[in-house]
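A short reminder: the numbers here are calculations on the coordinates, not readings from a lab. For clarity, every value in this text was computed on a predicted model and none was experimentally measured. Here the Cβ is made from the backbone with ideal geometry for all residues, glycine too, and neighbour counts use every protein chain on show.
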Protein chains: 2
Amino acid sequence: MAIERIDPWGSVLIEDYQKIIESYGMEPFNEKILKKFPKPNRLMRRFVVFGHQDLDRIADAIKNKKEFAILTGIMPSSEKLHLGNKMVVEMVKYFQEQGGEANVLVADLEALATRDISLEEAEKRAMNFHIPAYIALGLDPKKTNFYFQSKNKIVRDLAYEFSTKLTLNEFRAIYGDLNAGKIISVLTQIGDILYPQVKKSKPVVVPVGPDQSPHLRACRDVVRRYKKYNFILPSATYHKYTPSLDGSMKMSKSQPNSYISIPEDPEEVAKKMLITKTGGQKTIEEQKKLGGKPEECVIFELFKQHLIEDDDELNEIYEKCKQGKIMCGECKKKAAELMKKFMEDFNKKFKKAKEEMNKVNIMKF
Amino acid sequence: MAIERIDPWGSVLIEDYQKIIESYGMEPFNEKILKKFPKPNRLMRRFVVFGHQDLDRIADAIKNKKEFAILTGIMPSSEKLHLGNKMVVEMVKYFQEQGGEANVLVADLEALATRDISLEEAEKRAMNFHIPAYIALGLDPKKTNFYFQSKNKIVRDLAYEFSTKLTLNEFRAIYGDLNAGKIISVLTQIGDILYPQVKKSKPVVVPVGPDQSPHLRACRDVVRRYKKYNFILPSATYHKYTPSLDGSMKMSKSQPNSYISIPEDPEEVAKKMLITKTGGQKTIEEQKKLGGKPEECVIFELFKQHLIEDDDELNEIYEKCKQGKIMCGECKKKAAELMKKFMEDFNKKFKKAKEEMNKVNIMKF
């Protein structure tokens, strides 16, 4: 059977992301920018990273072996991580391996201001779960600078310094329903993003999901308006969401079978794979005849985004599906095995990370 | 000549202050509350302190020798002090002498967020001028806890914790034209006011001018809504403004002859007294016949608020003026001498305070 040659890494959601690129003033992450990066990771090669801002600056820094930094944050209010956090860590890890200085903040002040979580509670949660979990997902504990917002006086001072650089309407554009807690959280986050540049201006990349784009915009507005520090405009990568297991736009906590937590019981998560939405035809006969629709298949999206590292292997599944040579049951079973293995691996690495928390570079101020 | 027996400490402005009491939800500072305080100071005895909130609580603490605290702030953006600062210091001093623990913060974060003054610059100004000036005005350098907002992590953390306890409309009521810098400044100020109670709930009194009333209201609203700390509602005293030398409502920086700075050249300030508005009649003859109007006399107000400590002496001037036995030139000359002496004294004390800055209790965190 002849198949159309379409982008095998594409997604049915691509149209939505095109809109996001346009409305949020991002640039598309395409072949041209991809080629500028050595050994791009799975998310980049497959355009799960779909948009960016000023990423050329990071590519140049890598190429010319110049200093650059990476910044991401941990929100210690959540009790578990999700696949979006995994993608962030993979991006941080990639840039870290290309020579970037990685900074990971625990947003304890934001948790206090927006979720009423005490600083003590936030620290406990971060030390017991979030930091070792980020290490289990791939961060180098010795090379990564972890810090708590509340203990970083420089970040806190920057929040005050920037406070008059944005109008309340601009804050409103970020958060919609505005309150003072959200305002000081945004200001603190801007302080975090610019913190790596306080001693010396340098490119900084912030890997995020598209929902974080307004924060980047606010930060970039501050940099444009406030010349005192000679900050370089921060760069960003934007990655797609992992679709809900039932095929809707985004995983939702109200539907436990729609999403995957990290960690999750390996057996349970395997079971979820077996009821996940695929792009299969109504009957096996039809599928053999017409082929499946990997572009509409959540299992295939999980393979692509998370579970299958080898491009040839992924490509083969895509082709076989389109040709009706592989059935959904087979893919679900494979996904169940891979997801189970991922969780088992995570658990092992998490245990090890917890035992080695003394080796983690948690910044003192 | 028979004179009406009116309150010799009264003021033509009293009607305005009655309105302020009503619209800001203060209680009047009257004979009844005055009697609860041992050895009331000049400002209290003469009802320059015109309003208060929950001041009975402070009177009780003094009477029962229970712990209480005093809180005031220094705004390090100003280059000089004014007579309003002098009144604040006198109130702090009074409560300090009655056993209160005095806390004086330098609002360096507020100066950063609302006036774009760097923390370094604010510290320099406070150490070189504001702190020794407050000591020269009467604070005990060893017994007073001075601190910088930016260095007080507890205050800063409280600002985040309280950030969702007030609505943006409530912030707007305080500041009118709102921006994020003002919002975080109010939150930090609330942190300051409640800081003395963090380790242990206790009455706290904040002596202020009526323009600061909205801040107190915001702080008291937070306390009412947020029960976690068992904070006691902060108390406040409100004192009148010193009228403009030309008789208008408030001193204005745009009219150098309308106000008195601290410090000011002793000879210059003496000259200002000679052109200050009095309550005299058009001619000496009329004044001898009809008497003067001390209630409308700025010189008399300066005697009452600042220059004459002895009640009998002040009363005598009042009576003589009403009876036409003293002319305005005489009072102006007296005011010139007293004001000159005040400035000379201030300069001496300021010099001494600067030499003894090493003895000042500036809190380390």
Task: Flagged links, alpha-carbon separation over 20 Å, of B:LYS199/B:LYS227; A:LYS124/A:LYS359; A:LYS165/A:LYS240; A:LYS35/A:LYS143; A:LYS143/A:LYS240 - done: A:LYS165/A:LYS240; A:LYS35/A:LYS143; A:LYS143/A:LYS240
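Over the stretch B:263-352, what is the mean sequence separation of C-alpha contacts under 8 Å (at least six apart), divided by residue count, expressed as relative contact order in percent? Could you put the intermediate results ahead of the total?
Details: 108 pairs, mean separation 36.6, N = 90.
The value is 41 percent.
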- [ ] In nm to one decimal, list the spacings between the A:ASP310 label point and its equivalents in the other copies, with label points set 7 Å along Cα to Cβ, shortest first.
- [x] 10.4
Task: Alpha-carbon centroid distance for the pair the stretch A:164-179 / the stretch B:54-110, whole angstrom - done: 35 Å
- [ ] Provide, for q = 0.08, 0.10, 0.17 Å⁻¹, the log10 of I(q)/I(0) from a solvent-free Debye sum over equal Cα point scatterers in the stretch A:17-244.
- [x] -0.26, -0.42, -1.35
Open item on the list: I need the trypsin sites (Lys or Arg not before Pro) found in the stretch A:48-110, filtered to DSSP loop residues with at most 15 other beta carbons within 10 Å of theirs.
Closed with: A:LYS65, A:LYS66, A:LYS80
Open item on the list: Going by amide H atoms built from the backbone, whose H comes under 5 Å of the H on B:ILE70, apart from near neighbours?
Closed with: B:GLU101, B:ALA102, B:ASN103, B:VAL205
TODO: Give the calculated FRET efficiency between A:TYR229 and B:GLN255 to the nearest 0.05, with a Förster radius of 25 Å applied to their Cβ-Cβ distance.
DONE: 0.05
Task: Per-residue mean of C-beta atoms belonging to partner chains within 10 Å, peptide B:162-170 - done: 5
Open item on the list: Mean-square fluctuation check for chain B, GNM, Cα pairs under 10 Å: which of B:MET44, B:MET91, B:MET127 is largest?
Closed with: B:MET127
Task: Ascending list, in nanometres, of distances separating the B:LYS289 label from those of the other copies (7 Å, Cα toward Cβ) - done: 12.3
Task: Computed lengthening from B:LYS32 to B:ASP140, 0.36 nm per intervening residue step minus Cα-Cα distance - done: 35.9 nm
Open item on the list: Which aspartates and glutamates, if any, have their Cα less than 17 Å from the Cα of A:LYS19, not counting same-chain residues under 8 positions apart?
Closed with: A:GLU27, A:ASP211
Task: Selected from B:ASP140, B:ASP56, B:ASP310 as most flexible by GNM, with chain B as the system and alpha-carbon contacts under 10 Å - done: B:ASP310
Task: Principal axis dimensions, the stretch B:263-352 - Cα atoms, whole angstrom, descending - done: 48, 25, 16
Task: the stretch B:240-305 - percent relative contact order, Cα under 8 Å, separation 6 or more - done: 30 percent
Open item on the list: Could you tell me the relative contact order of chain B? Use alpha-carbon pairs under 8 Å, at least six residues apart, and round to a whole percent.
Closed with: 20 percent
Task: Highest-fluctuation residue, B:THR278, B:THR188, B:THR114 considered, GNM on chain B with Cα pairs under 10 Å - done: B:THR114
Open item on the list: Going 7 Å from Cα along the Cα-Cβ axis for the label, what nanometre distances separate A:ILE154 from the same residue across the other copies?
Closed with: 2.8
- [ ] Quick one: of A:LYS151/B:LYS66; B:LYS277/B:LYS304; A:LYS39/A:LYS65; A:LYS80/A:LYS272, which pairs are farther than 24 Å apart, Cα to Cα?
- [x] A:LYS151/B:LYS66
